[in-house]
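Below is one structure, written out as structure tokens; the observations come after it.
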Amino acid sequence: MNTPIGVFDSGYGGLTVLKEMVKVMPDYDFLYLGDNARTPYGTRSFNVVYEYSLQAVKYLFKQHCPLIIFACNTASAKALRNIQQLDLPTIAPDRRVLGVIRPSVEKAAEMTENGHVGVLGTVGTIISESYPIELKKWSDQRVISTVQEACPMWVPIVENNEIDSEGAEFFIKRNIENIFQKDKDLDTLILGCTHYPLLLKIINKYIPEHVEILDQGQIVSEKLSEYLQKHSELEKRISRNANIEFQTTESAETFEEKAALFMGQQLKAETIHL
Ligand code: DGL
């Protein structure tokens, strides 16, 4: 029986994290779940994101995942704490659910030289204030200023495969100009949504050269690998046959087609119901 690491996102964005995880931990088994039928999560209320995320967690536990990674900033910002504190103790005290915000914050605090950090994210992630709060908590006062910009059009651009369109260029340019207007001294930028690395080609065009962009997929994967080394009792329960499964709440064919573009390889997907 496979006991994979569950990787969850509202759609395709989490694939940017999965891709890096597979590079860092190639022999582990992974089960990717995209809730494409209900994407985007970024504009939904706290209660709805919590409800959807909890359904995904329960489903992935039924698929025997000892550990789940929310490869989604919105779910990490709006649902993770409640699930860890209120649900896990009763539904699965011996399993773990981890998110992407804490490792990103720790890394951004290390990266910034002048303490000016910018966060681009979905409306939900930005309104939750998770990044500024966590940056304050974990940066040991190295981060003196955090500015944020919600980019509500970016996820639909990715989900609808409009990455190379003029529309993508228009919205990305506008949001980046906005965040630099809020703080022209930014030296570190967090792409606080796992969909955004898919837009990097355009993002890079509008960002001053000295500004560093945090690569969330890579950071989360490295931190996860360190976490598993420290938690060997959990690590031992994850199967290691280098097997990756893909599941979606929408059409499997559409998922296979689009996900292959993002992963850079052909893959098979299955439709499931939450
Ligand atoms: N990829 C997600 C994130 O990191 C979710 C985006 C969305 O569904 O709006 O926030």
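The values are calculated or read from the model by the stated rules, or taken from the named source; none is laboratory data. Everything quoted here is computed from the prediction, not taken from an experiment. Methodologically, a virtual Cβ is constructed for each residue, glycine included, from the backbone with ideal geometry; neighbour enumeration extends over all protein chains shown.
Based on this model, can you work out whether Lys136 counts as at pLDDT below 95 and either surrounded by fewer than 23 Cβ atoms within 10 Å (Cβ to Cβ) or among the aliphatic types (A, V, I, L, M) (or both)? Steps first, answer last, please.
Values: at pLDDT below 95: yes; either surrounded by fewer than 23 Cβ atoms within 10 Å (Cβ to Cβ) or among the aliphatic types (A, V, I, L, M) (or both): yes.
Answer is yes for this residue.
Would you check which residues across the stretch 1-38 are among the polar types (S, T, N, Q), in contact with an Asp or Glu (Cβ under 6 Å, 6 or more places away or on another chain) and within 12 Å of the ligand (Cβ to nearest atom) and list them?
Ser10, Asn36 - these are the residues of the stretch 1-38 that are among the polar types (S, T, N, Q), in contact with an Asp or Glu (Cβ under 6 Å, 6 or more places away or on another chain) and within 12 Å of the ligand (Cβ to nearest atom).
Filter the stretch 71-88 for residues that are within 12 Å of the ligand (Cβ to nearest atom) and either out of contact with any helix residue (DSSP H, G or I) (no Cβ under 9 Å at 6 or more places or on another chain) or within 10 Å of Gly6 (Cα to Cα) (or both) and give the result.
Ala71 - this is the single residue of the stretch 71-88 that is within 12 Å of the ligand (Cβ to nearest atom) and either out of contact with any helix residue (DSSP H, G or I) (no Cβ under 9 Å at 6 or more places or on another chain) or within 10 Å of Gly6 (Cα to Cα) (or both).
Output the residue which, of all residues in the stretch 86-127 that are within 11 Å of Leu214 (Cα to Cα) and among the small types (Gly, Ala, Ser), is surrounded by the fewest Cβ atoms within 10 Å (Cβ to Cβ).
Result: Ala109.
Counting only residues that are under 17 Å from the mean Cα position of the chain (by Cα) and of a type in the set (S, T, N, Q), how many does the stretch 85-130 have?
Residues meeting the conditions: 5.
Can you name every one of the strands (runs of 3 or more DSSP E) wholly within the stretch 156-274 that holds 3 or more residues which are crowded, with 19+ Cβ neighbours inside 10 Å and within 20 Å of the chain's Cα centre (by Cα)? Lay out the reasoning, then the answer.
Numbers: elements: 188-192, 212-214, 244-248, 269-271.
Counting at least 3 such residues, we get 188-192, 244-248.
Quick check: is even one residue across the stretch 76-87 out of contact with any Phe, Trp or Tyr (no Cβ under 7 Å at 6 or more places or on another chain), within 19 Å of Thr194 (Cα to Cα) and touching a residue at least 60 places away in the same chain (Cβ under 8 Å)?
No, there is no match, as no residue in the stretch 76-87 is out of contact with any Phe, Trp or Tyr (no Cβ under 7 Å at 6 or more places or on another chain), within 19 Å of Thr194 (Cα to Cα) and touching a residue at least 60 places away in the same chain (Cβ under 8 Å).
Give the stretch 39-70 a look and list any residue that's within 18 Å of Asn243 (Cβ to Cβ) and within 14 Å of the ligand (Cβ to nearest atom), or say none.
The one that is within 18 Å of Asn243 (Cβ to Cβ) and within 14 Å of the ligand (Cβ to nearest atom): Ile69.
If we keep just the residues of the stretch 143-155 that are surrounded by 17 or more Cβ atoms within 10 Å (Cβ to Cβ) and part of a loop (DSSP other than H, G, I, E, B), which is modelled with the highest pLDDT?
Filtering first and then ranking leaves Cys151.
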